[in-house]
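Visitor: I'd like to ask you about the structure that follows.
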Amino acid sequence: ANGTKSSSPSANNSKPISFSSNSTINLDQGDPTVFEPYWRKMGDKCTMVISASDSMSYFSDAGNLCWFLEPKLADAIRNLHREIGNAISNGRHIMVGTGSTQLYQAALYALSSPEGTQPISVVSAAPYYSQYPEETDYLRSGLYKWAGDAYKFDKDDGAYIEVVNSPSNPDGSIREAVVNRAGGKLIHDLAYYWPQYTPITHPADHDIMLFTFSKCTGHAGSRIGWALVKDTEVARKMIKFIELSSIGVSKESQLRAAMILGTLSHSYQNFSSNIPDNFFEYSHCLLAERWKKLREVVERSELFSLPDYPLKHCNFTGKFSQSHPAFAWLQCKEDIDSEKLIKAHKMMVRGGVRFGVEPNYARVSMLSSESVFNIFLQRLSAIGNHLSVMN
Ligand code: PMP
């Protein structure tokens, strides 16, 4: 998750970090440094040079509704969705944002009505992504307001926007809308609908779908997200929001994203020739391996449990697989505040309350660097041992 809260972004640079046995490790945000070794291995294949006279104008594509979208990025996005098969992009407006965080806010703006007498309610099924409540209410908008868990939303409460986050951050489950009332408006946040995290079972086809470069390839620092939007009026209003908040999106970032996403498509086209460098193949194996190790530790500890994910056929890999989510959603079997317990063992994680559920849950990032992940496994096993000695 984006990390404005507890640590400075500079805590993670690309150099290997050495930890003393006493350092606290940060597994609170989903900072995707796990993928750095892959991109380092790519050497200069995705290096680009931008000279001082390049990309100076505000405009990228003056004739397009989304006039600040670099055409190369639009092409790379459409190609990638076609090849992965995770979303329908043909006939949809593509909108770029400064992270999908900006697009989430643009979508709230676009779906609410300035004529409404009451702010429209925004709901999401708990456990929901912990940033939704804060992002929704931070500016105390008169247009929309956070109304909590979609399962508890009273159907008589009037107009609503439901955010469907699938696979879900924090628990990795596959979600569908739960309120299902006529006139309800939906935002589908599909940040994790990529083959390294979950089997791709069908091309998603919803009114507003949000994706992010941060979780697709791990380039969170570029701050690039995109939306696929069916309705032209909604697209127009989202663009208006981005115009007002940042007059477009960094061209340097867009061009870099276009190049990197383009490389993914290219390596996928060579998938059949069994190129070991394929990013999705590599990252799928890496997360599968991490989940295997984590499940072994959790089973031994007897203190925590993890969700089970069903085997599903992935149309992209052609194989059956479980999900390997970007976060581990740990549930303490006893009535203990999991965040506090884990924190006492020098690991920063995010407790259940932030996601709208009980404090015996905690979310732990699975996307850290290798060294941090190994320390996490050691310390998690120590918690189990420690408590069984105390009992
Ligand atoms: N949605 C979800 C579910 C996320 O987990 C995140 C990042 N943690 C975002 C949106 C925001 O991503 P971005 O970096 O593109 O702003």
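The values are calculated or read from the model by the stated rules, or taken from the named source; none is laboratory data. All figures in this text were calculated on a predicted structure; none of them were measured in a lab. Here the Cβ is made from the backbone with ideal geometry for all residues, glycine too, and neighbour counts use every protein chain on show. Keep in mind that these areas ignore ligands, DNA and RNA; they rest on the heavy atoms of the full protein, side chains included. Shrake-Rupley method; radii C 1.70, N 1.55, O 1.52, S 1.80 Å.
Visitor: What number results when the radius of gyration of the chain, computed over Cα atoms, is divided by 2.2 N^0.38 Å? Could you put the intermediate results ahead of the total?
Guide: On the way: Rg = 21.0 Å, N = 391, 2.2 N^0.38 = 21.3 Å.
Its radius of gyration relative to the 2.2 N^0.38 Å reference: 0.99.
Visitor: Grab every C-alpha pair in segment 55-96, bin the distances at 10 angstrom width from 0 up to the longest one, and report whole percents.
Guide: 28, 51, 19, 2
Visitor: Determine the order of 78, 256, 379 by accessible area, beginning with the largest, at a probe radius of 1.4 Å. Don't skip to the end; give the middle numbers.
Guide: Working: 78 70, 256 100, 379 30 Å².
The most accessible residue leads, giving 256, 78, 379.
Visitor: Not counting ligands, DNA or RNA, and with a 1.4 Å probe, what is residue 217's accessible surface area in Å² rounded to the nearest 10?
Guide: About 0 Å², ignoring ligands and nucleic acids.
Visitor: With the convex hull built on the Cα atoms of segment 156-271, state its orientation-averaged projected area in nm². Display every interim value, and only then the final one.
Guide: On the way: hull surface 37.0 nm².
Seen from a random direction, the Cα hull of segment 156-271 projects 9.2 nm² on average.
Visitor: Can you pull the accessible area of residue 41 for me, 1.4 Å probe, Å² to the nearest 10?
Guide: Here the residue's solvent-accessible area equals roughly 120 Å².
Visitor: Note down the magnitude of the dipole of segment 288-391 about its Cα centre, charges +1 on Lys and Arg C-beta and -1 on Asp and Glu C-beta and zero elsewhere, to the nearest 20 debye. Don't jump to the answer; show the numbers that get you there.
Guide: On the way: 15 positive and 11 negative charges, 67 e Å.
Its charge dipole is roughly 320 debye.
Visitor: Right, next: With the full set of protein chains in place, find how many percent of the accessible area of the chain is carbon and sulfur; take the probe as 1.4 Å. Show your work: numbers first, answer last.
Guide: Details: 9340 of 17850 Å².
The computed percentage sits at 52.
Visitor: With no solvent and one point on each alpha carbon, what is the Debye value of log10 I(q)/I(0) for segment 153-224 at q = 0.16, 0.27 Å⁻¹?
Guide: Taking Cα atoms of segment 153-224 as identical point scatterers yields -0.63, -1.27.
Visitor: Between 120, 336, 84, which gets the highest mean-square fluctuation from a Gaussian network model of the chain, Cα cutoff 10 Å?
Guide: Result: 336 has the largest fluctuation of those listed.
Visitor: Now for a separate question. Taking every DSSP beta bridge with both residues inside the chain, roughly what % is antiparallel (nearest 5)? Spell out each step's value before the answer.
Guide: Details: 22 of 40 bridges.
Bridges in the chain are about 55 percent antiparallel.
Visitor: With a probe of 1.4 Å, find how much accessible area the chain has per residue, and write the answer as a whole number in Å². Please report the intermediate quantities before stating the final value.
Guide: Working: 17850 Å² over 391 residues.
That works out to 46 Å² for each residue.
Visitor: Taking a quarter of the surface of the convex hull around the Cα atoms of segment 285-352, what do you get in nm²?
Guide: Values: hull surface 21.7 nm².
Averaged projected area of segment 285-352's Cα convex hull equals 5.4 nm².
Visitor: Turning to a different aspect of this structure: Taking 8 Å as the Cα distance limit and 6 or more residues as the minimum spacing, I'd like the relative contact order of segment 138-189 as a percentage. Please report the intermediate quantities before stating the final value.
Guide: Values: 51 pairs, mean separation 18.7, N = 52.
Over segment 138-189, the number comes to 36 percent.
Visitor: Can I ask one more? So between residue 231 and residue 288, what do we pick up on full extension, going 0.36 nm a residue minus the alpha carbon distance?
Guide: On the way: separation 57, 0.36 × 57 = 20.52 nm, distance 3.76 nm.
Extra length from residue 231 to residue 288 when fully extended: 16.8 nm.
Visitor: What residue among 121, 113, 173 has the largest mean-square fluctuation in a Gaussian network model of the chain, using Cα springs under 10 Å?
Guide: Highest fluctuation of the listed residues: 113.
Visitor: Could you tell me the distance between the Cα centroids of segment 274-349 and segment 106-169, to the nearest Å?
Guide: Cα centroid of segment 274-349 versus Cα centroid of segment 106-169: 29 Å apart.
Visitor: How much mean residue ellipticity at 222 nm does the chain get from its helices, if each DSSP H run of length 4 or more adds -39500 (n - 2.57) and you divide by all residues, to the nearest 500 deg cm²/dmol? Write down the numbers at each step before the final one.
Guide: Working: 10 runs with 128 residues, N = 391.
Calculated mean residue ellipticity at 222 nm is -10500 deg cm²/dmol.
Visitor: Also: Short version: what are the Cα gyration tensor semi-axes of segment 67-145, square root of 5 times each eigenvalue, largest first, in whole Å? Intermediate results must be reported in sequence, preceding the final value.
Guide: Details: eigenvalues 165, 48, 28 Å².
With the √(5λ) rule applied to segment 67-145, the semi-axes are 29, 16, 12 Å.
Visitor: Largest first, how would 24, 263 line up by accessible area (1.4 Å probe)?
Guide: On the way: 24 70, 263 30 Å².
These residues rank, largest area first, as 24, 263.
Visitor: A follow-up question, please. Which of 359, 195, 325 ends up with the largest GNM mean-square fluctuation for the chain, with Cα atoms connected below 10 Å?
Guide: With Cα springs under 10 Å in the chain, the top fluctuation among 359, 195, 325 is at 359.
Visitor: Using a cut-off of 28 Å between alpha-carbon atoms, which lysines can reach residue 292, once sequence neighbours fewer than 8 places away in the same chain are excluded?
Guide: 15, 41, 215, 312, 319, 333, 340, 343, 346
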